[in-house]
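Asks: There's a structure below that I have some questions on.
Read the figures in this text as sums done on the coordinates, not as results from a lab. Every value quoted in this text rests on a predicted model; they were computed, and no experiment measured them. Reconstructed Cβ throughout: ideal geometry from the backbone, glycine too, with neighbour counts over all protein chains shown.
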């Protein structure tokens, strides 16, 4: 079972032996949501299923208003988080997995062409659904193509529907109330995965208020990758996170970002580094900044 990273050679070996496997292409573009599917249709790993951040990996909603509320339609169960990309309920997610033919006895491999930003969302959601056999393709589609592996174009044939059954969650989800209640608690260490300028409040292209949650440390998610687009070695990741934590217990970490998506590469990197599993605040800054009465900080971290 692969539950963190998988290499192109390892994936090809699974495909050659016709293992029970499903590959997901999660390519996306926040500014051009339709571009992800277009990129998939142009080139993808043969047999891969497309998973859209907006359509498949988020609850259906309108953009959050000033109260932080979202409009949800035709959704089985309330969203599991707020923010710009609210998590669907676990039940809704299981329904989608069943609709694309994913079953509990399958290995999942997820990838994108965006530095593991968007495929990390599906990796986390499968773990949250209780499915441990899910791995990120290290280096994404670029690594697959650089290895001389084939790509396909156009749509793939639909799979027969399955019956994916939820299991106890393997990763922890926390909400705004929990984060707010523990702002001064040494038992909570927030790590913000947004770019440094957004964290400091110098720019804010997406949310109504600039800045960060008080006490949050900053580690842009892109810092987990080397120049080749693959995750850095485990020892290097461990050293970098330990330096960031400055003696804080890794078990206290709660990851966040703008909308709960780019926080996941940090969470995955900590697992790769042998620092255990940490929690995710999926509502993240987009929910925090839309919730009246919550404190905001600007500038560099203390």
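Asks: I'd like the antiparallel share, as a percent to the nearest 5, of DSSP beta bridges with both residues in the chain.
Replies: That works out to approximately 10 percent antiparallel.
Asks: Pop the C-beta distance of residue 167 and residue 202 into the FRET formula with R0 = 45 Å and round what comes out to the nearest 0.05.
Replies: 0.55
Asks: Mind jotting down a quarter of the surface of the convex hull over the alpha carbons of region 173-288, in square nanometres, one decimal?
Replies: Computing the convex hull of the Cα atoms and averaging its projections yields 6.8 nm².
Asks: Sum -39500 (n - 2.57) across every DSSP H segment of at least 4 residues in the chain, then divide by the residue count to get the 222 nm mean residue ellipticity, nearest 500.
Replies: Working: 10 runs with 81 residues, N = 302.
Helix contribution divided over all residues of the chain: -7000 deg cm²/dmol.
Asks: Could you list the residues of region 277-302 with an amide nitrogen less than 18 Å from a label point located 7 Å from the Cα of residue 243 in the Cα-to-C-beta direction?
Replies: Answer for region 277-302: 301-302.
Asks: May I pose another question? Compare the peptides 16-25, 188-197 by average per-residue count of other Cβ atoms within 10 angstrom and give them in order, highest first.
Replies: 188-197, 16-25
Asks: Binning every alpha carbon pair distance of the chain at 20 Å from zero, what are the percents per bin?
Replies: Bins of 20 Å from zero give 35, 59, 6 percent of pairs.
Asks: Here's a follow-up. If you take every DSSP beta bridge fully contained in region 173-288, what fraction is antiparallel? Give it as a percent rounded to 5.
Replies: Of all bridge pairs located within region 173-288, approximately 10 percent are antiparallel.
Asks: Stokes-Einstein diffusion coefficient for region 230-302 at 4 °C in a medium of 1.567 mPa s, Rh from the Kirkwood formula over Cα pairs: what value in µm²/s? List each step's numbers first, then the result.
Replies: Details: Rh = 13.4 Å.
Calculated translational D: 97 µm²/s.
Asks: Suppose we keep just the alpha-carbon trace of region 5-146; what are its Rg and Dmax in angstrom?
Replies: Final numbers for Rg and Dmax: 15.3, 52 Å.
Asks: Where the centre of each part is set by its Cα atoms, how far does region 158-185 sit from region 226-302, in angstrom?
Replies: Answer, in whole Å: 16.
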